[in-house]
Amino acid sequence: MKNILIPIIVLFIFSACEKTVELDLKQTEPRIIIEGQVTNKSNYQYVKVTKSIGFYDSGESPRVDNASVFVTDDQGNSFTFVHNPRNNADSMGYYLPSTAFAGEIGRTYRLTVSIDEQVYEGSDFLNPVAKIDSLTSRVNDDEKDDPKDYKKFYEILLYAKEPQATTDYYLFKFYRNDSLKVYNDTDIYFADDEVLGEDIDGIPSPIFFAPGDVGRVEMYSLSRDGFVFYNDLQNLLQNDGGLFSQPPSNSRSNLSNGALGFFQASAMEMRSISINQ
């Protein structure tokens, strides 16, 4: 009788708890979203400004084209950014330097964005990046047997030396034929030097290539704030909303006045390789 009562009691508890819950999601005022980048390479600087949308809204975030945007460094240099200078339809909301410049390692860069009398600021330190020694390619046997994409079964291997005297953080981007690629839509590839170790000895790419493709790897230095931002963002993107998942929250940002996003200063290393059969 005791063994029979236990499942009956459990069933009663769960059936008693069954209740339809209506979510009362209050609409809030749109918030400014800023994605900015300054690197030590010319022509890799940009600022993108958009607005958030409501929970029940669909479509892309509205682009902001009336902002005043400029970047300064800790030496007093100032760089003005202008909206969509080439007037490309797909570049609405993007601001590029009016005069090309390259950031310098060891300097702090501050972004200022003014929109309708509201000012948003953020700053980041430009850390050095480990040098990529070489890239090689090899066949991934698991991918070779995958019928879904039977031609793409080569992976790129990255080799580098990481200085262990300092604490460093990195962001990686992978391109196939000049198109940025990820294995899963929610993937962000970043790591600290403790995970990487001193000898980066053939880290495989998360994406795959076919003979004739050109692969490119970009390696960016990150500040501690940048590492925290991407870690928060990755956790948010991978949150499945399950019973044991943490409540979703916005990534910690270095931007002021309630803006979402991040302003990133990075040194960058880049290498390419042609995939030969």
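The values are calculated or read from the model by the stated rules, or taken from the named source; none is laboratory data. None of the values given here were measured: they were computed from a predicted structure. Please note: Cβ atoms are built from the backbone with ideal geometry, for glycine as well, and neighbour counts cover all protein chains shown. Calculation scope for accessible area: heavy atoms of the full protein, side chains included, ligands and nucleic acids excluded. Shrake-Rupley method; radii C 1.70, N 1.55, O 1.52, S 1.80 Å.
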Being of a type outside the set (Lys, Arg), over 30 Å from residue 200 (Cβ atoms) and within 20 Å of the chain's Cα centre (by Cα) narrows it down to one of 128, 62, 97, so name that one.
-> 62
Residues satisfying the stated conditions in the range 195-220, i.e. part of a loop (DSSP other than H, G, I, E, B) and of a type outside the set (Asp, Glu) | 197, 205, 206, 207, 208, 210, 211, 212
Report yes if some residue within the range 166-177 is within 30 Å of residue 49 (Cα to Cα), modelled with pLDDT of 95 or more and among the polar types (S, T, N, Q); otherwise report no.
-> yes
Would you kindly identify the strands (runs of 3 or more DSSP E) lying entirely within the range 79-172 that contain at least 1 residues that are open to solvent by less than 70 Å² (accessible area, probe 1.4 Å) and closer than 30 Å to residue 194 by Cα?
-> 108-115, 118-125, 132-139, 154-161
Residue identified as open to solvent by 60 Å² or more (accessible area, probe 1.4 Å), in contact (Cβ under 8 Å) with a residue 24 or more places away in the chain and of a type outside the set (Phe, Trp, Tyr) among 216, 224, 176 = 224
With (1) open to solvent by less than 30 Å² (accessible area, probe 1.4 Å); (2) in contact with a helix residue (DSSP H, G or I) (Cβ under 8 Å, 6 or more places away or on another chain); (3) of a type outside the set (Lys, Arg); (4) without any contact (Cβ under 8 Å) to a residue 60 or more places away in the chain as the list, and residue 203 as the residue in question, which single condition is left unmet?
-> (1)
What pairs come up if the first residue lies in the range 87-103 and is more than 14 Å from residue 66 (Cα to Cα), the second is open to solvent by 50 Å² or more (accessible area, probe 1.4 Å) and outside any loop (DSSP other than H, G, I, E, B), and their beta carbons are under 9 Å apart, counting only those six or more places apart or on different chains?
-> 88/94; 97/46; 97/80; 97/82; 98/80; 98/82; 99/80
Would you point out which residue out of 157, 126 is under 22 Å from residue 216 (Cα atoms) and modelled with pLDDT of 95 or more?
-> 157
Of a type outside the set (Lys, Arg), more than 19 Å from the chain's Cα centre (by Cα) and surrounded by 14 or more Cβ atoms within 10 Å (Cβ to Cβ), is that true of residue 229?
-> no
Counted residues in the range 232-256 being modelled with pLDDT of 95 or more and open to solvent by 80 Å² or more (accessible area, probe 1.4 Å) come to 0
